[in-house]
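Only the coordinates and a few stated rules stand behind these numbers; no lab work does. In this text, all values refer to a predicted model and were calculated from it rather than measured experimentally. Cβ sites come from the backbone with ideal geometry, for glycine too, and all protein chains shown count toward neighbours.
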Amino acid sequence: MTKTISVPAISCGHCVATIQREVAELPGVTQVEAEEVARTVTVTWDPETTDWNAIDSLLREIDFAPAE
């Protein structure tokens, strides 16, 4: 499963690296791509291993909450 979301708090390359590193560590996540200019994050994951709520919770925990 793949989802792209807007993350307004992305403002620099460090933000991109942090998001990619942290989200990639979640079990079942197979790909993470954060875009600084577009301020988006695209995540691909195995829905049998994890769900969107776990990814969303982690993003909020590291202060990169998805846009509402």
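Structure notes:
- Residues in the stretch 1-27 that are in contact (Cβ under 8 Å) with a residue 24 or more places away in the chain and in a loop (DSSP other than H, G, I, E, B): M1, V7, P8, A9, I10, S11, C12, L26.
- Members of the stretch 33-47 found to be loosely packed, with under 13 Cβ neighbours inside 10 Å and within 22 Å of S11 (Cβ to Cβ), listed by number: V37, A38
- The residues on offer are T30, T50, and the sole one that is out of contact with any helix residue (DSSP H, G or I) (no Cβ under 6 Å at 6 or more places or on another chain), of a type in the set (S, T, Y) and surrounded by 17 or more Cβ atoms within 10 Å (Cβ to Cβ) is T50.
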